[in-house]
Every structure is written in C-alpha cells, then in structure tokens.
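Contents: one structure, followed by commentary.
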Amino acid sequence: MKVGVARETYPDERRVALVPDSVKKLQDAGLSVIVERGAGATASFPDQSYVDAGAKVVNTAALYGTADVILRIHRPSADEAKMLREGQTVIGLFAPLLDPHGMAALSRQKVNVVSLDAIPRTLSRSQAMDALSSQANVAGYKAVLIAANAFGRYFPLLTTPAGTAKPANVLVLGIGVAGLQAIATARRLGALVKAYDVRRDTKEQAESLGAQFVTLKSAIEASGQGGYARALTPEEQAAQQEELNAVIAAADIVITTAQVPGRRPPVLVTKDAVHAMKSGSVIVDIAASDLGGNCELSKAGKVVTTPNGVEIHAPANLPASMPAGASTFYSRNISNLLLGFVADGKLRFDFDDEVTAATVITHDGKVVQAATLALLQSAPKGGTRA
Ligand code: NAD
C-alpha cells in the first residue's frame, strides 16, 4: 500500500503531515511512502531528507494519481479535492463538524475521510494520536514567546549592578493543553504566573506547574462533557468578567486560551478590562479567529495597540510558526493513527473499535461518523474550509 504525503496549500501553512523520521516506521509495517515534491521544504525537511529515509519524491499528479492513502494537515482545497480518486483515503485535521457538507461531497466521490481531531481524547491509547493536544502545546509555548518578545521589560527577577528588575506578572486564562504549556513556559522564563479556568480540577494542574490559581468569589464550576468546559450562562459570564477585571488590571501579560467546543470563544477580557491595564502590557489571544476571541478587542491574525498602550496579539495558526517541531509531533500522531488501521500491509477499518468509529468520517460512499451525520440531517447546506 502506498502512503502519500501532500504539500499543504492552505495560506501561510508551513507544516507537513509526515517527517522523514516516520518514514521508516511506516515501511516497517509494509507500507511504501511517496512525498509530493517540496512538501516538507517550509518545515526544514528538504526532498532529499525523505529520499534518504527511503521515500520517493513525486509530482502532484503522481501523488494524487497513485497514493492509496494521503496524509495531510488541512482539508483538501477545491482543486485538490478534484484530484482525489474513488477508494482513496485522506487523513488529516479536517474539523468535519465545521463542514459536514464538504465531508458529504467527498463521500459522494467515494473518498474515505479520516479526521484526527475526532479522536476520543480521554482514552489513554488516544494520547499518542492526539494532534489537537500536540498542536495546542506548540501554541501555548509560542504564545509566551510572542508575549516575552513584545514586552518591553524582563520576565525574570534580575538583580544587577544597575538595579533590580521585578519579575513580570503573567495571567493565563483557560488551563487546557495550551494554557498548561503557557504556564510552564512563562515559569521557565522566570515570570510570576496566575491562572484561571472554570473547570475546578485545573487548579491542581496549574499549581503543580508553579502557578497561583485564581479563585473567584462567584465560584463558577463549568466542567462539561469529555473534559471540556460548558458555556456559561449570561449571569455567570457577567459575574466572571467583573471579578476578572481586577486580576487582569494587575497583570503585565495576559495569555488567553479559553474555548468551548462548538461555540464562539467566551469573552474573558472586556474592552473596559483592557483600558484598565498599564501601558506596555501585552495580551496574546490564541483563541481568536473570525468568530471572535477571548479579548473583546482582538483582531484575528493582527496586532492591535490600544490608545492606553496595550498590545493585543491574536496570532493565526501558531503551530505553523514552529513548523519543524509541530510537524514532528503531528507526524507521530498521524502515523500512530494510520498504523492502527493497518493489518497485513492493508487498511482495514473495524467499526467496532472506538477510535475507528469516531475518526472515520466517510467510508465507501457514505458519511458514517455519527456526529457528522447528525449535523448533516439538521444543518443547512453550506460550510467553509477551516
Ligand atoms: P479547550 O481548547 O477546549 O479549552 C481551553 C480551556 O479553556 C479549557 O481548560 C476550558 O475549561 C477553558 N475555558 C472554557 N471556557 C472558559 C471560561 N469562560 N473561563 C475560563 N476558562 C474557560 O481545551 P483543551 O486544551 O482542548 O482541553 C480540553 C480537555 O481535554 C481538558 O480537560 C484536557 O485536560 C482534556 N484532555 C484530556 C486528555 C486525556 O485525557 N488524555 C488529552 C488531551 C486533553
């Protein structure tokens, strides 16, 4: 069976789905690997590094024309989708619930779609395949580096002959995978870190990394299903915002990572809270997208400086800004998922298996994953590429 590695065409994407290190692992399982020319170039994996690892570098037509399985990161563009063939399997981070009709179109082409982001994340064997976590980890790390770069002072306490620099006060809002990495990175740089989340079991996790957990008097507990948060009621949200304002005003750096599955990111940093911050403070909102962000003043993909001198960064696609490291983790995630489907050198989907049932979105001309199917039955036609 031939496994193809696609060159990503999504704007500003620099990652690649499989790195040379993983080629041997696939070959050991009886698979051969072909790589679209230039696929790894922007992630510092030149074509020759794949050849050295035992893969063959091919042009676009040969990749789409001969691969049995195509590994990628984003959904195929309209032009790429036209090149996919009946019976071919594509694996990537496709966010099927954001584009159920796009999934249905691929199923009509009889393309089998497997989406890594649909993995049941709480299963312990899923951890090695959890690309949402591996990429969120990169995002949390990079968010702190962006903040440290933009901040006009030191992060650590420094005592020098020229005087003492106080450590920076960092506030992390949202203590999921990205938030935990942001705490760890800010602590390594020597900052004093506070952190807040609506899921109470995050307190211990934040404290174990050296952060002080912010406990609000309104004592909101909003653990939802599958380890995620539920959306707050308008009353809870108002109480939260009011109490958080004072904590935000005292911070030099605020990193926001809060998400609620299937909803707009909650606003945690209001316009008023930003206006109460000191000049030179920095906000990095990694939850921001075209849907809005955790900061009311974030502009997705842009840096905004407010009249009171607060810099608000809302970087798009942070994992792509660390392409070699992010691709290396992604490559392990996608190889582990793929190899779980392989028996005797061929793909075999066992739909009684939880991981298969959750991640295989379309198969044999049908949309088979329950959540996508339910959405198709209820959602109006349309959808965009994530
Ligand atoms: P996420 O990206 O969905 O959200 C980030 C954080 O924002 C979450 O901690 C959430 O509680 C928080 N949040 C949401 N609304 C908020 C609000 N109004 N105020 C403050 N914080 C708010 O989260 P994620 O990083 O994808 O992680 C989701 C869950 O999955 C976590 O429980 C994580 O531990 C869990 N997880 C488990 C495993 C595993 O069991 N193996 C692996 C990965 C992730």
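All of the numbers you see were taken from the coordinates with simple rules; none came from a lab. Because the structure is a prediction, the values reported are computed rather than measured. Heads up, the Cβs are rebuilt from the backbone with ideal geometry, glycines too, and the neighbour counts pull from every protein chain shown.
Some observations on this one:
- Förster radius 30 Å - calculated FRET efficiency between VAL51 and PHE349 (Cβ-Cβ, nearest 0.05): 0.45
- Prolate/oblate/rounded label for the stretch 244-331 (Cα gyration tensor, a/c 1.5): prolate
- Here the stretch 84-197 is treated as a Stokes sphere of Kirkwood radius computed over C-alpha pairs; at 25 °C and 0.890 mPa s its diffusion coefficient rounds to 143 µm²/s.
- The residues packed around THR270, meaning those with a beta-carbon under 13 Å from its beta-carbon, carry a net charge of -4 if Lys and Arg are +1 and Asp and Glu are -1.
- Cα→Cβ-extended label distance, 7 Å offset, between ASN245 and ARG200, nm: 2.7
- Within the listed set LEU216, LEU244, LEU84, the residue fluctuating most in the Gaussian network model of the chain (springs between alpha-carbon atoms under 10 angstrom) is LEU216.
- Take every pair of alpha-carbon atoms less than 8 Å apart whose residues are at least six positions apart; their mean separation over the length of the stretch 94-182 yields a relative contact order of 22 percent.
- Dipole of the chain, positive end: most advanced residue of ALA55, ALA238, SER281 [Cβ charges, Cα centre]: ALA55
- Basic side chains Lys and Arg get +1 at the Cβ, acidic Asp and Glu get -1 at the Cβ, and with that the dipole of the chain about its Cα centre reaches some 480 debye.
- For the chain, the longest piece that avoids every one of the GluC sites (Glu not before Pro) found in DSSP loops with at most 11 other C-beta atoms within 10 Å covers 222-386.
- Inter-site label distance for LEU145 and GLU207 at 7 Å from Cα along Cβ, in nm: 3.2
- Using the Cβ of VAL69 as centre and a radius below 11 Å, the other residues enclosed give a net charge of +2, where K and R count +1 and D and E count -1.
- Charge dipole (Cα centre; +1 on Lys/Arg Cβ, -1 on Asp/Glu Cβ; no other charges) of the stretch 184-335 amounts to roughly 380 debye.
- Summing Cβ point charges (Lys, Arg +1; Asp, Glu -1) relative to the Cα centre of the stretch 94-202 gives a dipole of roughly 180 debye.
- Proximal lysines relative to LYS2, as straight alpha-carbon distance under 19 Å, when same-chain residues fewer than 8 apart are discounted: LYS24, LYS25, LYS56, LYS110, LYS346
- Counting DSSP beta bridges with both ends in the chain, the antiparallel % (nearest 5): 30
- Relative contact order of the chain, taken over Cα pairs closer than 8 Å and 6 or more residues apart, is 20 percent.
- Cross-link reach list, aspartates and glutamates versus LYS271, counting only Cα pairs under 17 Å and skipping chain neighbours closer than eight places: GLU242, GLU243, ASP252, ASP285, GLU296, GLU311
- Projecting the Cα atoms of LEU157, SER44, GLY140 onto the charge dipole of the stretch 34-167, computed from C-beta unit charges around the Cα centre, puts LEU157 farthest toward the positive end.
- Net charge of Cβ neighbours under 14 Å - reference LEU216; Lys, Arg +1; Asp, Glu -1: -1
- Here the spin labels are modelled as points 7 Å beyond Cα on the Cα-Cβ line, and at GLU221 and LYS278 they lie 3.6 nm apart.
- The overall shape of the stretch 1-53 is prolate: from the C-alpha gyration tensor, with semi-axes ordered a ≥ b ≥ c, the ratio a/c is 1.5 or greater and a/b exceeds b/c.
- Considering only the stretch 149-232, percent of DSSP beta bridges that pair antiparallel, nearest 5: 35
- Coarse-grained scattering of the chain at q = 0.07, 0.10 Å⁻¹, given as base-10 log I(q)/I(0) from a Debye sum over alpha-carbon atoms: -0.35, -0.69
- Simple rule: put +1 on each Lys or Arg Cβ and -1 on each Asp or Glu Cβ in the chain, find the dipole, and look at PRO167, ILE70, GLN225; the Cα lying farthest toward the positive end is ILE70.
- Gyration tensor (alpha-carbon) shape descriptor, the stretch 176-299, a/c threshold 1.5: rounded
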